Amino acid sequence: FAGRKACQELRVPAMEQTKFISAAGGRLNIPGDFIELRRLTGPESSNIKTLEYVPWDYFVQESNKESAEPATIFSRQGGDWFVYPAPADGETFICYYYAGFPDLSLDNTSNWLLEFSPMAYLFGALQYLAEYAMDNERAAYWEQRFNRELARIQAIADQAEHRGSLLATRKLD
């Protein structure tokens with residue numbers, strides 16, 4: 001349970017993934033380990049333009065229009081992203097996203113979180129153990145320790161990401 005909660009709470013470089021996804025029927029299959037999208041670009045033949053996410057209702061309205069432009073918007077329904085204008089089958093898009101990490105098991109005895117912070121797993125396990133034992137006071141104590149450790153991990157990642165950079169605004173494409 002501790003690993004699952006960490007996946008929900010953290011957004012750190014160790015969780016960043018890049019995946020090339022081929023279009024099929026105007027849609028892109030969302031990766032199975034997907035947690036949160038950072039950026040979707042493509043297709044590769046269109047000078048790698050970042051696509052804009054729009055709500056499903058707006059997407060449906062726009063997709064009823066004719067367009068010869070390369071893909072510019074996308075929306076999600078179920079396990080797929082739908083792209084408009086619809087790309088040709090096989091066109092490749094690049095998905096930058098945060099991915100979950102595998103649970104610990106007999107076959108998978110380590111992951112980046114356990115290597116970086118064994119305390120996160122320890123505090124999380126103790127929280128869930130106390131909850132199981134119906135010791136609400138101890139569960140609250142370990143939950144607080146677990147949450148503080150996850151916040152510490154996120155703060156370290158955030159500081160490393162921005163260390164040495166200047167604060168400035170710029171226009172995005």
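The values are calculated or read from the model by the stated rules, or taken from the named source; none is laboratory data. Source: prediction; values computed, not measured. Cβ sites come from the backbone with ideal geometry, for glycine too, and all protein chains shown count toward neighbours. These area figures cover heavy atoms from the full protein model, side chains too; ligands, DNA and RNA do not enter into them. Shrake-Rupley method; radii C 1.70, N 1.55, O 1.52, S 1.80 Å.
Descriptive notes on the structure:
- Charging the Cβ of each Asp and Glu at -1 and of each Lys and Arg at +1, and nothing else, the dipole of the range 59-165 about its Cα centre rounds to 420 debye.
- All-pairs alpha carbon distance profile, the chain, 5 Å steps from 0, percent: 1, 8, 13, 14, 14, 12, 11, 11, 8, 5, 2, 1, 0
- Where GluC sites (Glu not before Pro) fall in DSSP loop in the range 1-102, at most 15 other Cβ within 10 Å: Glu66
- Across the protein chains, with a 1.4 Å probe defining accessible surface, the residues Met15, Met134, Met119 rank Met134, Met119, Met15 from largest area downward.
- Accessible surface of the chain [probe 1.4 Å, protein heavy atoms]: carbon and sulfur percent: 52 percent
- Relative contact order computed over the chain (Cα-Cα under 8 Å; 6+ residues apart), in percent: 28 percent
- Considering only Val12, Phe34, Ala23, and ranking their Cα positions along the charge dipole of the range 1-98 that arises from unit charges at the beta-carbon of Lys, Arg, Asp and Glu, the one farthest toward the positive end is Val12.
- For the chain: accessible area per residue (Å², 1.4 Å): 64 Å²
- Each label was represented as a point 7 Å from its Cα along the Cα-to-Cβ direction; for Ala155 and Ala140 these points are 2.3 nm apart.
- The chain, helix-only ellipticity at 222 nm - DSSP H runs n ≥ 4, -39,500 (n - 2.57), divided by all residues, nearest 500: -11500 deg cm²/dmol
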